[in-house]
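Report on the following structure.
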Amino acid sequence: KKYLKMFPKEIFVEDIVASLFNKNIDFKTIKKLSSIIDIPVSYAGGISNMNEVNKLFKICGVDKIYINSALKNNFELINLSAAIYGSQSVGVLIQTKKIFNDWYIFFESGRIHSGIKLKDWVKKINNSQAGEVIISSIMYDGMFNGPDNELIDFIKNLDISIPVIYSGGIRDNIDVKSVLLNKINSVAISHALHFGKFN
């Protein structure tokens, strides 16, 4: 509840190892969280089928979901979810890292190299019913050393028609401002909040 005093746009909850360890989604905790706060709750982690999507919306009361690893084998899950709950409630989470001279996406909490280039994956997402995308820098996530400016420069030159949220390395308001000035629509902040470093 202490984060609500900062007036965030939404609370983004991610089980970062749900897909990696094939964990069941903790519906009970998500439902409890949704019931005690008044701003939108978004969830990501381990979502793999429509049964889980339906539970998250109808039983847990989440306002938005983000899907990542399941899309490698079932990309249509994005369109199926959006057809029922609307594009504004369905997004894609991307974890990316630069290898040699190009950016690639990773699955399973950034552990599995997909071999898919970020620009190709974004193009596919852009042509889907996804309402927005979170792009997270694997190398900067949780490091608290500032945003991945090289990745941000790459993102702003991509042809993306849906809102983009950046995640990774944010330390303070200066970092937030610098990201938003580079055609990024929003910023996700985690480490700096959890460890009390964000004023």
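I'd like the full set of residues that are under 16 Å from the mean Cα position of the chain (by Cα) and over 13 Å from Pro147 (Cα atoms), limited to segment 162-185.
Ile162, Pro163, Val164, Asn185
From the residues in segment 111-141 that are open to solvent by 40 Å² or more (accessible area, probe 1.4 Å) and among the hydrophobic types (A, V, I, L, M, F, W, C), which one is modelled with the lowest pLDDT? Steps first, please.
First, pick out the residues of segment 111-141 that are open to solvent by 40 Å² or more (accessible area, probe 1.4 Å): 111-113, 115-117, 119-120, 123-124, 127, 129, 138-141.
Then keep just the ones that are among the hydrophobic types (A, V, I, L, M, F, W, C); that gives 112, 116, 138-139.
Working: Ile112: 86, Ile116: 96, Ile138: 94, Met139: 94.
Among residues in segment 111-141 that are open to solvent by 40 Å² or more (accessible area, probe 1.4 Å) and among the hydrophobic types (A, V, I, L, M, F, W, C), the one modelled with the lowest pLDDT is Ile112.
Listed residues Leu80, Leu56, Leu71; which is touching a helix residue (DSSP H, G or I) at 6+ places or on another chain (Cβ under 8 Å) and surrounded by fewer than 23 Cβ atoms within 10 Å (Cβ to Cβ)?
Matching residue, one of Leu80, Leu56, Leu71: Leu80.
Mind counting the residues in segment 161-183 that are in a loop (DSSP other than H, G, I, E, B) and either open to solvent by 40 Å² or more (accessible area, probe 1.4 Å) or in contact with a Lys or Arg (Cβ under 7 Å, 6 or more places away or on another chain) (or both)? Walk me through it before giving the result.
We begin by selecting, within segment 161-183, every residue in a loop (DSSP other than H, G, I, E, B); these are 161-163, 168-172, 181-183.
After this cut, where a residue has to be either open to solvent by 40 Å² or more (accessible area, probe 1.4 Å) or in contact with a Lys or Arg (Cβ under 7 Å, 6 or more places away or on another chain) (or both) as well, the list is 161, 163, 171-172, 181-183.
Final tally of qualifying residues: 7.
If Val122 meets every condition in (1) over 17 Å from the mean Cα position of the chain (by Cα); (2) within 27 Å of Ala82 (Cα to Cα); (3) assigned to a helix (DSSP H, G or I) apart from one, which number is that one?
(1)
From Glu150, Glu108, which residue is in contact with a Leu (Cβ under 6 Å, 6 or more places away or on another chain), surrounded by fewer than 21 Cβ atoms within 10 Å (Cβ to Cβ) and not polar (S, T, N, Q)?
Matching residue, one of Glu150, Glu108: Glu108.
The values are calculated or read from the model by the stated rules, or taken from the named source; none is laboratory data. Model, not experiment: these values are computed from the prediction. With ideal geometry, Cβ positions are generated from the backbone for all residues, glycine too; neighbour counts draw on all protein chains shown. Surface accessibility is based on the protein's heavy atoms, side chains included, excluding ligands, DNA and RNA. Shrake-Rupley method; radii C 1.70, N 1.55, O 1.52, S 1.80 Å.
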